[in-house]
Amino acid sequence: MRYQELSHWLSTVDEPLTPRPALPGDTDADVVVVGAGYTGLWTAYYLARADPTLRIVVLEAEIAGYGASGRNGGWCSALFPTALPALARRHGREPALAMQRAMRDTVAEVGRVVAAEGIDCDWRHGGTVLLARTEVQLGRARTAVAEAREHGLDPDDLVLLDAAGAAARCAAEGVRGGTYTPHCAALHPAKLVRGLARAVCRLGVRLHERSPVTAIRPGAVVTPHGTVRAEVVVRATEAYTPALPGHRRTVAPVYSLMVVTAPLPARTWERIGLADRETFSDYRHLVVYGQRTADGRLAFGGRGAPYHFGSRVSPGYDREPRVFAALRRTLGELFPVLGPDVPVDDAWGGPLGVARDWSASVGLDRSTGLAWAGGYVGDGVGTSNLAGRTLADLVRGVESELTALPWVGHRSPRWEPEPLRWLAINAGLRVMSSADGVERRTGRPARRATALSPSWATDPSPSPPPPPAHTRR
Ligand SMILES: Cc1cc2nc3c(=O)[nH]c(=O)nc-3n(C[C@H](O)[C@H](O)[C@H](O)COP(=O)(O)OP(=O)(O)OC[C@H]3O[C@@H](n4cnc5c(N)ncnc54)[C@H](O)[C@@H]3O)c2cc1C
């Protein structure tokens with residue numbers, strides 16, 4: 001497989017992506033981690049840093065960064081898949097605020113480690129601007145700020161922007177206002193994950209690539225090359241989890257797709273802005289997300305690709321011409337300066353993991369030694385770092401502020417069997433995209449869409465929705 005072709009990011013790392021040696025045979029370890037994306041690597045990193053005597057093995061089916069970690073939008077944000085008001089309703093105000101603070105600190109922590117480890121991943125802590133381009137979107141921006149204030153967040157966390165303030169950051173067509181938060185950094189995702197892989201290897205972690213795990217059980221994981229016996233087994237397989245025996249309904253893989261332009265001339269950037277490399281989006285339902293890359297391109301993504309029956313994940317699903325065309329159209333609408341037929345240099349996609357209740361979680365079952373983290377929806381770049389630090393504490397039996405956070409030990413319900421899962425997820429996606437069309441045409445909020453909107457399809461800031469009607473409890 002030519003790993004460079006998986007994403008613009010993997011094609012622009014300065015290394016050949018040659019797989020590291022596979023697991024050579026049966027071995028013993030203290031901790032074995034399955035999956036070398038951000039989750040698995042952050043877990044190995046913090047464990048090795050905290051206790052250099054631990055014998056840690058990481059097993060990766062392909063290469064480090066093969067999954068979403070090598071393909072994403074590069075927003076290292078403080079966004080958590082469950083929005084603050086919903087977290088407060090579920091767990092209480094204080095635990096919800098603690099989660100929010102932990103996520104905010106996570107952005108700084110990732111910045112600290114990339115500097116300390118010399119990981120050159122084009123890090124720029126420029127915040128996020130969310131644009132409102134219709135009256136309805138402006139209403140959502142106001143609500144987001146009002147909810148933030150109710151929960152004690154101040155303008156240093158989230159501020160409402162008027163038309164001029166929003167356009168000063170990102171001069172998209174028809175901007176009427178928006179919000180700005182400083183809690184996000186733009187980065188080159190593949191440079192981060194590949195740099196992390198090198199960092200854990202320097203710390204003595206044994207990372208074996210092209211070593212697919214076929215079974216996870218208490219005390220051991222099995223691969224075609226041999227078995228690794230370890231007291232603790234960490235599952236860090238996110239959207240690929242359903243392929244593991246016993247996990248078919250643990251998370252649903254949903255695809256997000258991206259395009260990237262050629263480097264844009266300085267005069268174009270003078271018109272667009274994003275001078276601080278702010279990540280950007282707007283308050284529509286079906287989420288879009290963008291960043292100005294360090295080499296002056298626009299990298300832009302969105303959801304809307306179909307969910308595939310049986311939670312199947314396949315390289316053939318990474319490219320969806322209909323979605324790529326919609327992304328180019330949307331970029332052209334946002335920035336007419338790009339011309340009517342926005343030229344793109346590359347287009348790709350990948351699967352992200354969605355839990356049935358849209359709740360990310362991290363945990364360790366002490367009776368079995370089985371640990372897990374994931375279900376981040378589209379917010380895993382930052383959240384996986386928090387997961388890795390938390391797992392390092394859990395595995396070492398350390399009680400900390402992190403292990404007391406409300407997502408620790410949470411067990412999401414399983415997804416419905418097929419064909420219900422396929423029907424519900426794809427219906428949700430269709431409702432989202434038609435809702436945006438209705439709002440554009442009528443200028444009024446599409447209420448049915450708001451009630452059904454799943455957080456992986458919509459902007460991450462609104463409260464997560466109830467489950468689809470047929471299973472509502
Ligand atoms: C296009 C796109 C854009 C996104 N944009 C953003 C964004 O801007 N900001 C954000 O916060 N989040 C974003 N996300 C989500 C984010 O990328 C993920 O949440 C995050 O990368 C998850 O990291 P992970 O390590 O848990 O999973 P992954 O990176 O998917 O890693 C899982 C790894 O496990 C390996 N694996 C799976 N099964 C096995 C097995 N049986 N044996 C061995 N290895 C196995 C896989 O090969 C893979 O390398 C985006 C996702 C996509 C797809």
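The values are calculated or read from the model by the stated rules, or taken from the named source; none is laboratory data. Quick caveat: nothing in here was measured; it's all calculated off a predicted structure. Neighbour counts run over all protein chains shown; Cβ positions are idealised from the backbone, glycine included. These accessible areas exclude ligands, DNA and RNA; they are computed on the full protein's heavy atoms, side chains included. Shrake-Rupley method; radii C 1.70, N 1.55, O 1.52, S 1.80 Å.
Applying the Karplus parametrisation 6.51 cos²θ - 1.76 cosθ + 1.60 with θ = phi - 60° to the phi angles of segment 243-259, what ³J(HN,Hα) value in whole Hz is obtained for each residue in order, glycine and proline being reported as x?
Whole-Hz 3J(HN,Hα) from phi for segment 243-259: 6, 7, x, x, 10, 3, 10, 6, 9, 9, x, 10, 8, 10, 10, 9, 10.
In debye, nearest 20, what is the charge dipole magnitude of the chain about its Cα centre with +1 on Lys and Arg Cβ and -1 on Asp and Glu Cβ, if you could check?
For this selection, approximately 1200 debye.
Evaluate the relative contact order of segment 1-150 (contact order divided by residue number), counting alpha-carbon pairs under 8 angstrom at least 6 apart; express in whole percent.
With pairs under 8 Å counted, the relative contact order is 17 percent.
Sort 225-231, 124-130 by the packing proxy (mean of other Cβ within 10 Å over each peptide's residues), most packed first.
124-130, 225-231
Where the only charges are on Cβ atoms (+1 Lys, Arg; -1 Asp, Glu), what is the dipole of segment 104-203 about its Cα centre, to the nearest 20 debye?
380 debye
Determine the relative contact order of segment 290-387: mean sequence separation of Cα pairs under 8 Å and six or more apart, normalised by residue count, in whole percent.
Taking the mean separation of contacting Cα pairs over the length of segment 290-387, I get 17 percent.
Using θ = phi - 60° and the Karplus form 6.51 cos²θ - 1.76 cosθ + 1.60, what ³J(HN,Hα) does each residue of segment 263-276 get, whole Hz, x for Gly and Pro?
Whole-Hz 3J(HN,Hα) from phi for segment 263-276: x, 8, x, 4, 5, 5, 5, 4, 6, 7, x, 6, 5, 9.
Summing -39500 (n - 2.57) over the DSSP H runs of n ≥ 4 in the chain and dividing by its residue number, what mean residue ellipticity at 222 nm do you reach, to the nearest 500 deg cm²/dmol?
Mean residue ellipticity at 222 nm (helix-derived): -10000 deg cm²/dmol.
Quick check on packing: order 78-85, 159-166 by the mean number of other C-beta atoms within 10 Å, highest mean leading.
Packing order, densest peptide first, comes out as 78-85, 159-166.
With only Lys, Arg, Asp and Glu charged, each at its Cβ (+1 for the first two, -1 for the last two), find how big the charge dipole of segment 336-441 is about the Cα centre; round to the nearest 20 debye.
360 debye
With an 8 Å Cα cut-off and a minimum separation of 6 or more residues, compute the relative contact order for the chain in percent.
22 percent
Counting only protein heavy atoms and a 1.4 Å probe, tell me what percentage of the chain's accessible area is made up of carbon and sulfur.
About 53 percent, which is the carbon plus sulfur part of the accessible surface.
Helix 380-396: angle to the longest alpha-carbon principal axis of the chain, degrees 0 to 90, nearest 10?
30 degrees
Which is farthest toward the positive dipole end of the chain among T179, V110, S11, measuring Cα position about the Cα centre, with Cβ charges +1 (Lys, Arg) and -1 (Asp, Glu)?
Among T179, V110, S11, the one farthest towards the positive end of the dipole of the chain is T179.
To check you understand DSSP bridge types, tell me what percent of the beta bridges within the chain (both residues inside) are antiparallel, rounded to 5.
Looking only at bridges with both residues in the chain, the antiparallel portion is about 70 percent.
Accessible area per residue for the chain in Å², computed with a 1.4 Å probe and the full protein assembly in place, what is it?
Ligands and nucleic acids excluded, the figure is 39 Å² per residue.
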